[in-house]
Amino acid sequence: MSLSYPEPWPAPPPAPAPDHARTRGLGTVVAALGGGAVVAASGLLLGWIWAEVAPRVAVTKVENGFVYADAEPEQAVAADGWFAILGAAAGLVFAVLAWVLLRRYRGIGMLVAITIGSLVASALALWLGHKIGFGAFATARDAAAVGDRIDAPLGLRITNLEPDRWWIPRPTGVAAVQALITAFVYTCLAGFSSYGNLRGPDPVPPPGWPYAAPTLPPQPMPGQYAPAWSYPDREEPTTQLGPGRTGSSDSATGTART
């Protein structure tokens, strides 16, 4: 009697080819640099808006220069407040846009890029907002007499950043609001993401993958005895003696070999 072995299980389909790590890493770097540059350049727009909405502080010319026209001017606080509001709004918008539009490049690199870009944007906004009104102030300053009241250019009080030396990295106070909001919002979006991968849901695998083959009984080696339970069409051999068995007596209880 020849033994028939079951057909081998078909080979699993090939795994999807992984993305090239070097190409993906280069794309992430380019996207992060581009995103950071866009955020930094937006500081010029923020500076122009700040110069349009923030009130000017009135000053009076004296013998030694200029002093506040009012003892406690509210315009100085308002200028800092408007700068903080614009920076917070810009930080929120850019963090959400970077998360949504640059989904394929999410990660620590993008977070660092847009945060540094926000610091540069705040410095550019302070520089441009100060320069917009400085030209008119310089003209009025030279022509003003002692006791004349003119509007001073915009500036920030709650910060160590100086308009004339904005490139020195000292963004503190309200000048750091945009960077703080950007980092906070982007980190929150990453922390509350419903996917294990920050870049969104995993790609749909091809049909039949992952491949799970059913468990097969152990196959006998050539020349070895194959267990009967592995071949359903083969009668299970037995050595039990009794009625109806070849070589045993026909009695109901007979087990003696004839």
Exercise for the section: Quick one: order S42, S193 by neighbouring beta-carbon count within 10 Å, fewest to most. Expected result: S193, S42
Exercise for the section: Can you put F192, F184 in order of Cβ neighbours within 10 angstrom, beginning with the fewest? Expected result: F192, F184
Exercise for the section: Along Cα→Cβ, 7 Å out, is where each label goes; now give me the distance between the ones at A78 and R149 in nm to one decimal. Expected result: 1.4 nm
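Obtain the radius of gyration and the Kirkwood radius of the stretch 25-191 from its C-alpha atoms and give Rg over Rh.
Values: Rg = 18.4 Å, Rh = 16.9 Å.
Using Cα coordinates only, the ratio equals 1.09.
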Handout entry: Cβ-Cβ FRET estimate between I108 and I168, R0 fixed at 35 Å, reported to 0.05
Key = 0.85
Practice task
Take the Cβ-Cβ distance between V29 and L101 as r, set R0 to 22 Å, and report the resulting FRET efficiency rounded to the nearest 0.05.
Solution key: 0.80
Exercise for the section: Figure the gain on full extension for N160 and K131 (residue separation times 0.36 nm, minus the Cα-Cα span) and round it to one decimal in nm. Expected result: 8.7 nm
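Please report R106, R56, R149 as a ranked list, fewest other C-beta atoms within 10 angstrom at the top and most at the bottom.
Fewest-to-most Cβ neighbours within 10 Å comes out as R149, R56, R106.
FYI, it's all coordinate maths here, none of it is from the lab. Quick caveat, the model's predicted, so the values are computed rather than measured. Ideal geometry is used to build each Cβ from the backbone, glycine not excepted, and the neighbour counts take in all protein chains shown.
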